[in-house]
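Student: Dropping the structure in here first, questions after.
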Ligand code: 26Q
């Protein structure tokens, strides 16, 4: 660890007393003038806000400079359209990237305030469900780091993803009032307002010998911009996350005053504002609600109007849009951009259809995040017609040309035609958003090598045939600033010792760890870091769940949304089987394990909520069984979010990535955990495959059926009765669940789970059980050989550099967006920049529990 430690009032190396005084003055000024409090009255939260505002000022300077530079240079911009940005807390992230962590810590310290305490005042911004939303947040940070001029567009939801409370083992949902204490990061832009229209009718008129279409909407909503600055590493570049809030255009119309119809006016207002009220909590299985479609169009329309206005201001005409704007669609949720951009070009700017189409396709690209059939977004044609009549017409017209191409390619093949069509005629006429996004984009990417291959073989097989070369792979990545430096400062300190400070800028420097992987002295330090992180997690588990866990035990972690295909059920079945084995043979030297679960289930997903209950029921029995002697513990941590992940991940020994092969598009938690030294137990699915390729097959535990086996077995239509009969451990575990051993108060509670395991087994839980159980016992054996385990763990860290989101964004920039990126930092910015930071981070890490976010 760096020896350049500084304490209390002494400025950090490289930090002048002037700067310290300036920051102190700035915080005090914010406290008085922006918050309206003096030192004596200020609450912890007031201090947090004052410090955040002082920091924001410094960011804004860089922001304006970056903005001016890219404007003057006429640089091409990336627009990242996403209904989700799962950002988490920004305070220490922004401080760290700005290099201001030490000086802020010192300044606050002088004012008698603990920075680590303030950090906990910030609510966790949960404007996303899971992987897709977190990916958008990592990508925003990497785009800023690589100095790519970019804007993230989304919705400023009044309520983020629900707060999860576990009551008697059941999930309950509560609103996430993340804005109730204000949000110091955002800047409202009252002057940036667009009108977004819905409904009404379409009229055809002839003007100057040309047919024109006029949309007469029935309803108009205003979109108001709120900007949050996103600072890149080393603070050189700042981009905006621009989130739209909805309001009624004219809440107090004159005729309301005259007629006195206040109720009618407020109903209209409520209808408009409902658009940005809340984030849909479904992941993977779309909620086919009208409000959701309204959200999608609302943010697409506002975002396109905004970027087109920006383009027109600098270029004067739209012909060259694609050379100045790259619009990335994060899944199908912004697919309406295809039709909306066509409408803007053709109806509003008089472009000829064919030229408009070329511009549209050259500007847009689309990332697919799932192949699950139930997750592929479609909307009933009638709903479309009622809400977006002109867009439906445009989609029909796109489809005519597209189907003509299909007919030319495969004449007479009606199945081919039906499969590529933008309209699904089989299930009551629906618009297919995936097909729409595909046809309207010049590049379509999957998020791992396997996923991109499967896209070509399955859902997009025929479209790939029709538009060969459009599908490309961009394996996901994660930002190392948040998931290594901030979340695991102790490990970062150790890595800097071994790899040098260059590792902070260039993750490939992690390779220098390899030479030390078997070095006993280094191994000890490495284990000490992990142990330190495990103590922090053990403390959290004790505080929150009143479960005592031993930090020396193997911490086995499965943290992600609860979903059948992610197979938390497989994990808990193995837990039950292990519990039974320990009871059978209590004298054996069982490896002490803590099974740690966290994750939310969609509020309407009853089966997933039942799995949460099962985990908690099993925990209740296992944790309180004296025969186990504490060698097996089960902990379900409620309300999984980014901040909780930041505590769990650095403390994990084992990472559960056990999805049914072929079903997890990529996964990114798998990357975060491996980067922090957890060994993966997983299936050959998503990015697990590439993780294996990088860390080496001897440093990961792969088990179970492969994607092809799954396809074959499903085709055979086998139920699981046979595999259960052949597996005594599995049948005993299922029997225990079915007989009510874990639910004596309601023995039939889990009957539906037992039924699914025996007679359906769609997710191959029963079919994979024995392989998984054996792989887990293999993990036990490896754990007992401490130097070998530590070596594998070190090699995981050493070989994960490729999974940086900087690498992913470089690939997008080169292969999809055609924008330049800034080169490496080490050459441009001196390494002294960073001298004192790791000490500040370390002190933050030592502060107990994380999460105390606002009520
Ligand atoms: C769609 C329509 C209506 C309502 C909700 C939705 C909806 C919302 C969220 C559909 C899907 C999602 C989220 C999907 C998601 O998070 N997918 C994950 O994306 C990660 C980043 O690429 C991958 O690593 C994961 O494998 C994938 O599951």
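The values are calculated or read from the model by the stated rules, or taken from the named source; none is laboratory data. Because the structure is predicted, anything quoted here is derived from the model rather than measured. Here the Cβ is made from the backbone with ideal geometry for all residues, glycine too, and neighbour counts use every protein chain on show.
Student: Residues of the stretch 650-684 being more than 10 Å from the ligand (Cβ to nearest atom) and in a helix (DSSP H, G or I), which ones?
Tutor: 650, 651, 672, 673, 674, 675
Student: Let me ask something else. Given the residues 322, 326, 356, which is the only one that is buried (at least 17 other Cβ atoms within 10 Å of the Cβ) and without any contact (Cβ under 8 Å) to a residue 24 or more places away in the chain? Walk me through it before giving the result.
Tutor: Details: 322 fails: without any contact (Cβ under 8 Å) to a residue 24 or more places away in the chain; 326 fails: without any contact (Cβ under 8 Å) to a residue 24 or more places away in the chain.
From the options 322, 326, 356, the qualifying one is 356.
Student: Test residue 152 against the stated conditions and say whether it is within 16 Å of the ligand (Cβ to nearest atom), touching a residue at least 60 places away in the same chain (Cβ under 8 Å) and touching a helix residue (DSSP H, G or I) at 6+ places or on another chain (Cβ under 6 Å). Reasoning before the result, please.
Tutor: Numbers: within 16 Å of the ligand (Cβ to nearest atom): yes; touching a residue at least 60 places away in the same chain (Cβ under 8 Å): yes; touching a helix residue (DSSP H, G or I) at 6+ places or on another chain (Cβ under 6 Å): yes.
In short, yes.
Student: Please enumerate the residues belonging to the stretch 546-560 that are closer than 14 Å to residue 615 by Cβ and within 26 Å of the chain's Cα centre (by Cα).
Tutor: Across the stretch 546-560, the qualifying residues are 556, 557, 558, 559, 560.
Student: A further question follows. Six or more apart or on different chains, Cβ under 7 Å: which pairs go from a residue in the stretch 214-242 that's at positive phi to one that's at pLDDT 95 or above and in a loop (DSSP other than H, G, I, E, B)? Could you list them?
Tutor: That search, which allows pairs on different chains as well, returns 234/99; 235/99.
Student: Just checking: which of the helices (runs of 4 or more DSSP H) contained wholly in the stretch 416-489 hold 1 or more residues that are in contact with a strand residue (DSSP E or B) (Cβ under 6 Å, 6 or more places away or on another chain) and within 16 Å of the ligand (Cβ to nearest atom)?
Tutor: Those helices (runs of 4 or more DSSP H) span 433-439, 449-457.
Student: Let me ask something additional. For the stretch 359-379, which residues satisfy the criterion of being crowded, with 17+ Cβ neighbours inside 10 Å, within 16 Å of the ligand (Cβ to nearest atom) and either more than 27 Å from the chain's Cα centre (by Cα) or in a loop (DSSP other than H, G, I, E, B) (or both)?
Tutor: 368, 369, 370, 371, 376, 377
Each row is one residue, and each column tells you yes or no for (1) at pLDDT 95 or above; (2) surrounded by fewer than 17 Cβ atoms within 10 Å (Cβ to Cβ); (3) part of a helix (DSSP H, G or I).
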site: 791; (1), (2), (3): yes, no, yes
site: 797; (1), (2), (3): yes, no, yes
site: 820; (1), (2), (3): yes, yes, no
site: 823; (1), (2), (3): no, yes, no
site: 827; (1), (2), (3): no, yes, yes
site: 839; (1), (2), (3): no, no, yes
site: 845; (1), (2), (3): no, no, yes
site: 849; (1), (2), (3): no, yes, no
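Student: Assuming residue 354 fulfils every condition listed in (1) touching a helix residue (DSSP H, G or I) at 6+ places or on another chain (Cβ under 7 Å); (2) part of a helix (DSSP H, G or I); (3) within 28 Å of residue 318 (Cβ to Cβ) apart from one, which condition is it?
Tutor: Here residue 354 clears every test but (1).
Student: In the stretch 689-712, what count of residues is obtained for those that are within 16 Å of the ligand (Cβ to nearest atom), closer than 22 Å to residue 510 by Cβ and more than 23 Å from the chain's Cα centre (by Cα)?
Tutor: Final tally of qualifying residues: 0.
Student: Restricting the search to the stretch 68-99, which residues are assigned to a loop (DSSP other than H, G, I, E, B) and either within 16 Å of the ligand (Cβ to nearest atom) or under 18 Å from the mean Cα position of the chain (by Cα) (or both)?
Tutor: Filtering the stretch 68-99 for residues assigned to a loop (DSSP other than H, G, I, E, B) gives 73-76, 82-84, 89-90, 99.
Across the stretch 68-99, the qualifying residues are 82, 83, 84, 89, 90.
Student: From 768, 761, which residue is on the phi > 0 side of the Ramachandran plot, touching a residue at least 12 places away in the same chain (Cβ under 8 Å) and touching a helix residue (DSSP H, G or I) at 6+ places or on another chain (Cβ under 7 Å)?
Tutor: Going through 768, 761 in turn, the sole match is 761.
Student: List, please: which pairs have Cβ atoms under 8 Å, are six or more places apart or on different chains, and start with a residue in the stretch 575-598 that is free of Cβ contacts under 8 Å to residues at least 12 places away in the same chain and end with one that is surrounded by 15 or more Cβ atoms within 10 Å (Cβ to Cβ)?
Tutor: 588/582
Student: So for the stretch 569-582 (the condition being within 25 Å of the chain's Cα centre (by Cα) and farther than 30 Å from residue 282 by Cβ), does at least one residue qualify?
Tutor: No, the stretch 569-582 contains no residue that is within 25 Å of the chain's Cα centre (by Cα) and farther than 30 Å from residue 282 by Cβ.
Student: From the list 303, 285, 314, pick out the single residue that is modelled with pLDDT under 95 and in a helix (DSSP H, G or I).
Tutor: Exactly one residue qualifies, and that residue is 314.
Student: Let me ask something additional. Can residue 686 be described as within 25 Å of the chain's Cα centre (by Cα) and touching a residue at least 40 places away in the same chain (Cβ under 8 Å)?
Tutor: For residue 686, the condition - within 25 Å of the chain's Cα centre (by Cα) and touching a residue at least 40 places away in the same chain (Cβ under 8 Å) - is met.
Student: Restricted to the stretch 286-313, and to residues that are touching a residue at least 40 places away in the same chain (Cβ under 8 Å) and surrounded by fewer than 16 Cβ atoms within 10 Å (Cβ to Cβ), which residue is farthest from the ligand (Cβ to nearest atom)?
Tutor: Of everything passing the filter in the stretch 286-313, 290 is farthest from the ligand (Cβ to nearest atom).
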